[in-house]
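S.K.: Here it is, the structure in full.
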């Protein structure tokens, strides 16, 4: 059902005009069209719901599977009728869609032995593919021309000319694929695990040196893109934000000089600059960068979601919590949110927990006009909804553990808070004593002071003061820690924790036992 919902979204979003595969104008819509509209309107969420809706009297799922297959086939066919001349598309985007549609036609024509027509399409493709640096398309087109003039026409001059071009693009594509593989080999270890990887810096440096000369010689769009991503990981892996910003500015200048709009690379470099500005707490520079990036993003695209995640963080760091709340509502309410990878959706679930905490503290007003509030927050359910990052022991799991304890303290559930803090104390000594998690180490140590001071605010402040001073003297920009771990800066989060306490001592047998076990 997920693939089907995504297809219907793409087709409906692009407002396909010339369609003869899905007949929306028919006065008596078929069951296929009815299925399509039901999915578009979010009336059907699962295959079981669709089965019950269209075949309520049948337990045999073969009829439903056949209906679903027919709709998917028609949606795929309909993709070729999408209007690629929409104003929202850049010239390069329009050329990309048209060239790949034409290449699909070329392969069909070749299968039908219509070689003259396929050759004409190849010339058309090359005109745009060369201009917009679609290396793989150039390679495929020159392969067909080389074969045509070599084995069919016997034109030696054209054969050698196209062979030379093919050999050139074979070299280009080899190095582009090499650079893409290197980048993927680096980033794959960070997708579901936000903790610092000790060898990333060295590996990224080695990879970049291996492709540096080829990048300068080839100079193609993809070559510069992937080599720049590898180069950025050299510095992002050690929190060298000044060099990150310098590298981004270098490649921004390079891609802005292209004779076409290179939106994707520009988005990446603005995003990386925004990450650095957030981590360096240079929020005004971050705001300016965000404003430059926003017009480049296509709503509902993956980068659009990633950018808003960072914009959410910027709002949290600048204490504009109501703005962060608005961003969250906008993102999770978007139709494309359901199609994001599980790890990305989990991050937004963690964000939701922090928003609920701020709502409980009165820092966010959840009702805006007639807009609905966030669904009721249940701590137990939240912990069950984040299986990926619960295993990220030196990454996002820190944010999960912290908000769990803060909720319990804010709700005065001190016995449960003591149980959680006992477990966190062991976790802290095992995972958080390294340099890349030192701020988290200090913050957890501060939380551990709360029960030892019997939840008495003044006592907690006194006991935690040495760790708090160490935290303040260790800025986020100076540690090799992923920025996303601190959803709210620990200094601000500590102020909220203290806000939940009062000047009363909490005494219980559990607290006595817990304090005894730490002596």
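The values are calculated or read from the model by the stated rules, or taken from the named source; none is laboratory data. Computed from a prediction, not measured in an experiment: that's the story for all the values here. All Cβ positions, glycine included, derive from the backbone under ideal geometry; neighbour counts span all protein chains shown.
S.K.: The conditions are (1) in contact with a helix residue (DSSP H, G or I) (Cβ under 7 Å, 6 or more places away or on another chain); (2) in a helix (DSSP H, G or I); (3) more than 23 Å from residue 128 (Cα to Cα), and residue 254 fails exactly one of them. Which is it?
M.R.: (3)
S.K.: Just one of the numbered conditions (1) within 24 Å of residue 219 (Cα to Cα); (2) free of Cβ contacts under 8 Å to residues at least 60 places away in the same chain; (3) surrounded by 20 or more Cβ atoms within 10 Å (Cβ to Cβ); (4) within 31 Å of the chain's Cα centre (by Cα) is not true of residue 97; which one?
M.R.: Evaluating residue 97 over (1) within 24 Å of residue 219 (Cα to Cα); (2) free of Cβ contacts under 8 Å to residues at least 60 places away in the same chain; (3) surrounded by 20 or more Cβ atoms within 10 Å (Cβ to Cβ); (4) within 31 Å of the chain's Cα centre (by Cα) leaves (3) as the failure.
S.K.: Can you go through 102, 57 and tell me which one is over 24 Å from residue 299 (Cβ atoms) and surrounded by 14 or more Cβ atoms within 10 Å (Cβ to Cβ)?
M.R.: Step by step, each of 102, 57 is checked, and only 102 is over 24 Å from residue 299 (Cβ atoms) and surrounded by 14 or more Cβ atoms within 10 Å (Cβ to Cβ).
S.K.: Given 284, 298, which one is surrounded by fewer than 22 Cβ atoms within 10 Å (Cβ to Cβ) and in a loop (DSSP other than H, G, I, E, B)?
M.R.: On inspection, the qualifying residue turns out to be 298.
S.K.: For region 345-362, give me each residue that is touching a helix residue (DSSP H, G or I) at 6+ places or on another chain (Cβ under 9 Å) and in a loop (DSSP other than H, G, I, E, B).
M.R.: Within region 345-362, 361 is the sole residue that qualifies.
S.K.: Got a sec? Which of 336, 320 is surrounded by fewer than 19 Cβ atoms within 10 Å (Cβ to Cβ), within 18 Å of residue 364 (Cβ to Cβ), at pLDDT 85 or above and in contact with a helix residue (DSSP H, G or I) (Cβ under 9 Å, 6 or more places away or on another chain)?
M.R.: 320
S.K.: Need pairs with beta-carbon distance below 9 Å; first residue at positive phi and assigned to a helix (DSSP H, G or I) and within region 312-324, second crowded, with 22+ Cβ neighbours inside 10 Å and at pLDDT below 90; sequence gap 6+ or separate chains.
M.R.: none
S.K.: Can you spot a residue in region 423-431 that is under 24 Å from residue 351 (Cα atoms), at pLDDT 75 or above and over 36 Å from the mean Cα position of the chain (by Cα)?
M.R.: No, because not a single residue in region 423-431 is under 24 Å from residue 351 (Cα atoms), at pLDDT 75 or above and over 36 Å from the mean Cα position of the chain (by Cα).
This table checks each residue for (1) touching a helix residue (DSSP H, G or I) at 6+ places or on another chain (Cβ under 6 Å); (2) modelled with pLDDT of 95 or more.
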{"site": "177", "(1), (2)": "no, yes"}
{"site": "199", "(1), (2)": "no, no"}
{"site": "202", "(1), (2)": "no, no"}
{"site": "211", "(1), (2)": "yes, yes"}
{"site": "215", "(1), (2)": "yes, yes"}
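S.K.: I'm told residue 458 meets every condition in (1) in contact with a helix residue (DSSP H, G or I) (Cβ under 7 Å, 6 or more places away or on another chain); (2) at pLDDT 80 or above; (3) on the phi < 0 side of the Ramachandran plot; (4) surrounded by fewer than 21 Cβ atoms within 10 Å (Cβ to Cβ) except one. Can you identify the failing condition by its number?
M.R.: The failed condition is (1).
Table: residues versus (1) touching a helix residue (DSSP H, G or I) at 6+ places or on another chain (Cβ under 9 Å); (2) surrounded by 22 or more Cβ atoms within 10 Å (Cβ to Cβ); (3) closer than 20 Å to residue 90 by Cα; (4) touching a residue at least 40 places away in the same chain (Cβ under 8 Å).
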{"residue": "234", "(1), (2), (3), (4)": "yes, yes, no, no"}
{"residue": "242", "(1), (2), (3), (4)": "yes, no, no, no"}
{"residue": "260", "(1), (2), (3), (4)": "yes, no, yes, yes"}
{"residue": "272", "(1), (2), (3), (4)": "yes, yes, no, yes"}
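S.K.: Residues that are farther than 27 Å from residue 297 by Cβ and surrounded by fewer than 15 Cβ atoms within 10 Å (Cβ to Cβ): does region 121-139 have at least one?
M.R.: The answer is yes, given that some residue of region 121-139 is farther than 27 Å from residue 297 by Cβ and surrounded by fewer than 15 Cβ atoms within 10 Å (Cβ to Cβ).
S.K.: Now, a different point. Just to be sure I understand, how many residues within region 233-250 are assigned to a helix (DSSP H, G or I) and farther than 12 Å from residue 275 by Cα?
M.R.: 8
S.K.: Looking at (1) more than 30 Å from residue 406 (Cα to Cα); (2) part of a loop (DSSP other than H, G, I, E, B); (3) more than 13 Å from the chain's Cα centre (by Cα), find the lone condition where residue 269 falls short.
M.R.: (2)
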